[in-house]
Every structure is written in C-alpha cells, then in structure tokens.
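Reading through the structure tokens given below for one structure.
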Amino acid sequence: MFDKIKESVQKFSGKSVADEEAVEQLVKDIQRDLIKADVDVSLVSDLSDEIREEALEDELPSGLTRKEHVLEIVYSKLEELLGEEAEIEVEPKNILLCGLYGAGKTTTAGKLADFYRKRGLKPALICADTDRPAAFDQLKQLAEDIDVEFYGEKEAEDPVKVVENGIEETDADVTIVDSAGRNSLNDDLKQELADIDSVFDPDEKMLVIPADIGQSAKTQAENFDAAVGLNGVIVTKMDSSAKGGGALVACSNSDASVQFIGTGERPEDLEVYDPVDFVSDMIGQPDLESLLEKVEQLDTDPEEILEGEFTLQDFKSQIESVTDSGMMEEMMQQLPFGGNQMPDNIADITEEKVSEYSIIMDSMTKEEMADPSMIDRDRKERIAIGSGTSEQQVNELIKHFRQTKNMVDKFDKGSMKRGGMQDMMKKMGL
Ligand SMILES: Nc1nc2c(ncn2[C@@H]2O[C@H](COP(=O)(O)OP(=O)(O)O)[C@@H](O)[C@H]2O)c(=O)[nH]1
Ligand SMILES: [Mg+2]
C-alpha cells in the first residue's frame, strides 16, 4: 500500500533543499498514490492544500529543519487521514460478524477466535450461516485448526434458533457468531441480523468488508451502521488489493472505525488496526523514528522517554542522537555510577561505529529491533549478509546494546532520583 509515497518521501529526503518545488513534487506524488488507492478525491485535495500551506508558510519550529518540518506535516496529515488506532479490549464478550457474501466473515471469525485464544481467553465459534451448508464445514474446520469450541447445526434453517442453542451448548468467554451474507444489504439480511442481535445481545457488532471495495466502504459501513448499529469495521484482504488504502480512509471518515485488518488467509493474518504502521511504512521507519523522537523531545516530559523496555530501536535512536551532538562522553560522566564503572566500549562510540551499527540495524526486522533476544545464529547470519558486515560485527553490536541496556535498567531502577535525571536530560539538551 502507498508504495509510491514511500519512494517520493525518500526522494524528498534526499534533496538538498526543501523548497517550494520539492514540496510541490512531493504533494503531487502523494496525490497520485492516494488516488490510485481509491481515496476520495476531495479528501486528497484538502490534504494537498493543507500540506502545501503548512509546509511552506508555517514558522519553522525550533530544532527542526525545513525538511523535517515538511515530513512531520506529511506524517501527521496522513495519520489523520487514516484515522484512529484501534483499542481492543481483551475481555469476555459476544461478537457478531456481519457483511456481504465473500467479505471474509467466516475466515475473520476464525482469526478473531485465534486472537483471543492467544491472549488467554476461551473463545467459541457459532455458525449462524444457515444459507449455505458449506459454511458449517468451513467454520468447523477453522475451529478445529485453532483448537477452539464450535457450535453449528448442519441442516438448520433458522439461524436465530442455532444461536440460541449455541449459547446454551458452549462454554466460552468470547463467543463469536458468524452470520450469513447476501449480495446486498437487503431487508431480508437486515431482519436476520436484527433477530440474531436480539437473542445474542452482542457487545460488538463488526462489519467485515473486503479492501477491494475501496472508497465505497464508506457507504457500506454507513448503511450497515444504520441497519444494525456497528461498533466497528474489519477490513479484510489488505494483502491482495490495491484499494486497501481507500477502504481504510473511507471508514475513518465515517462513524465506523476500523478495528482490525486482515492480511492473508491464515488464522494469524489479523492485525489490530494502527495507522502509524502504514505511515511509518511510507515515511520509512528509521527516518520516522528519529524524526518523531525529535519532535517529541521538543515537548515531552523526559521521564516518558525512559519508560518501558529499552529496545534496539531505542539504542539506535540514542547513539544516533547523542553522537550527533558529541555528547556521549558528557552523558556518561553524568551517570549515577560515574565514569569508572562505564562499560569500556561505550565511551568510544565514534561516528564510524554509529553508522556501521545503523547499517546493521537497518537489516533487522521490526520484531528483532523490539526484542533482540530473538536474534539467534541464523538471524545473525542473515543480518550480516544483508548489511554487508560480518557476524562478528553483529555480535559486537548486540553486546554493546546489552551493556547499554544493563546500564539503562540500573538507571531506571531508581539509582538516581528523578529530579537528578531530569536535570541531566536537560543538560544533554533532551
Ligand atoms: N488474501 C486474503 N484472502 C482472504 C482474507 N480474508 C478472507 N479471505 C478469503 O476470501 C474468501 C472469502 O472468505 P470467507 O471468510 O469465506 O467470506 P464470507 O463469505 O464473508 O464468510 C476466502 O477464499 C478467504 O480465504 C484476507 O485477509 N486476505
Ligand atoms: Mg461465510
């Protein structure tokens, strides 16, 4: 999705000046890609105007270059366009899936069951699609594959009765009802969903729509919402349609927010919707991370920066920012345990080392960056080949990361008072 934007952003980043011409080119490229993804033209036009205006007319925030400022605007506009990150409550609930034929309801029912099962809840799947006998077999098979409870009645004609029996017969925390589709949202389907609704009393009514309907997702979501009262939308087939972006934007601009996206046919191909993932894909992960960090540091409480687990991503941002400003030495001296306890290879991070490390880390996956403990021999070998370095160099980086992490962990465990820490961060210009 949005491959061209990624390319254009890279092109823009590579330019020496972020002048009007460069911004105009970037805006044009973004427009083309959004329209290709079937995003509503009027939204694209508004977005372009806003980028142009703010990018060139705004006063430059201190600490950012014009180029960074432009990218930050592009980033936040795209994020706005793609809507809110979903917040999924992992708790006992009843979920009713609805949608038209072939949308991916049954597949998604299995995916959701798997999602909650993996998070420690006990799901059950109920087949309320009595129109097609194959629906029963399909859901039953899925339930077996992921090892969750299933209820269905192969010869049944009344889906409401099946749901009633299913509630009786199953013993689950999360009960998921897969309903029958139609070619369109006709009165028949509306009635059927309303009847199931009244006996099942779902906490969540989710519309399943395929990415390939693009911007018409908006009308469909609005119609289903009016008919059954939706709590959210699940957009499937994001992996196989060029119009996924249009569908996501369309839903974000309706009352039905996107909760999950389907990215393949397997049970695990389900992701909680997070627009930041898409935008970071477009802007480029390393660029975005460091950019956001800069922007955040302009107005964030330093304590927040230190929260959570220290990852390779943090390590990367840290060495890049600190060495840039030549402050590694100074930072080390400020640490609570003093310069003498400093791991010996930390103080001498040279610019060369930083760029070598950056290249190595660019060959790592997002998962590896978040959890370096998963980097085993095979992964090391792959990373070394990918970055044109040796396994020894990869080892060195990991060792270096571990030492820094140990240090940060100590640091966080209150070996220094928070006040002292803030002073230090301030001195370091953070
Ligand atoms: N590539 C891809 N295919 C999907 C996805 N979700 C569902 N499908 C496929 O879409 C087809 C219809 O799915 P199904 O769950 O039977 O749709 P239903 O009629 O709404 O129940 C099946 O071939 C699924 O394997 C997805 O996220 N990606
Ligand atoms: Mg089905």
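Values quoted throughout were computed directly from the atomic coordinates according to the rules given, and no laboratory measurement underlies them. The model shown is predicted, which means the values in this text are computed figures rather than measured ones. Quick reminder, even Gly has a Cβ in these numbers, built from the backbone with ideal geometry, and neighbours come from all protein chains shown.
Give me the Debye-computed log₁₀ of I(q)/I(0) at q = 0.17, 0.18 Å⁻¹ for region 50-151, equal point scatterers on Cα only, no solvent, two decimals.
Each listed q maps to, in turn, -0.78, -0.84.
List the residues whose amide H sits under 5 Å from the amide H of residue 257, counting only those 5 or more places along or on another chain, with H placed 1.01 Å from N in the peptide plane.
Residues meeting the criterion, in which the H sits 1.01 Å from N, are 233.
Quick one: Karplus J couplings for region 117-133, per residue in order, coefficients 6.51, -1.76, 1.60, θ = phi - 60°, nearest Hz, x for Gly and Pro?
4, 5, 9, x, 9, 10, x, 9, 10, 10, 8, 9, 9, 9, 6, 10, x
Between residue 270 and residues 5 or more places away or on another chain, which pairs have amide H atoms under 5 Å apart, with H built 1.01 Å from N, and which residues are they?
263
Step through the table entries 36/77; 6/77; 122/190; 353/399; 190/218, compare each Cα-Cα distance with 20 Å, and write down the pairs that go over it. Each step should come with its number before you reach the end.
Numbers: 36/77 18 Å; 6/77 15 Å; 122/190 29 Å; 353/399 14 Å; 190/218 18 Å.
Violating the 20 Å limit, Cα to Cα: 122/190.
Please quote Rg/Rh for region 3-82 to two decimal places, taking the Kirkwood radius as Rh and restricting both calculations to Cα atoms.
Rounded to two decimals, Rg over Rh is 0.94.
What ³J(HN,Hα) values, in whole Hz, does the Karplus curve 6.51 cos²θ - 1.76 cosθ + 1.60 give for region 220-227 when θ = phi - 60°, with x put for Gly and Pro?
Per residue, the Karplus-derived 3J(HN,Hα) values read 4, 5, 5, 5, 5, 4, 5, 7 Hz.
Taking neighbour Cβ counts within 10 Å as the exposure measure, how do 69, 400 sort from fewest upward?
On the way: 69 21, 400 18.
With the fewest neighbours first, 69, 400 line up as 400, 69.
Which number do you get for Rg(Cα) / (2.2 N^0.38 Å) in region 93-273? Walk me through the numbers on the way to the answer.
On the way: Rg = 14.8 Å, N = 181, 2.2 N^0.38 = 15.9 Å.
Taking N as the residue count of region 93-273, the ratio is 0.94.
I want the local charge near residue 11. Using Cβ-Cβ distances under 11 Å, sum +1 for each Lys or Arg and -1 for each Asp or Glu among the other residues. Don't jump to the answer; show the numbers that get you there.
Working: positive: 4, 6, 15; negative: 7, 29.
For residues surrounding residue 11, the net value is +1.
Scan around residue 151 for amide H atoms under 5 Å from its own, H built in the peptide plane at 1.01 Å from N, and keep only partners 5 or more places away or cross-chain.
Residues meeting the amide H criterion: 125, 126, 127.
Using θ = phi - 60° and the Karplus relation 6.51 cos²θ - 1.76 cosθ + 1.60, list the HN-Hα couplings for region 350-357 in order, rounded to whole Hz, with x at every Gly or Pro.
Result, ordered by residue: 8, 4, 4, 4, 4, 6, 4, 4 Hz.
Can you sort 352, 391 so the residue with the fewest Cβ neighbours within 10 Å comes first? It would help to have the intermediate numbers written out before the result.
Details: 352 9, 391 13.
Placing the least packed residue first, the sequence is 352, 391.
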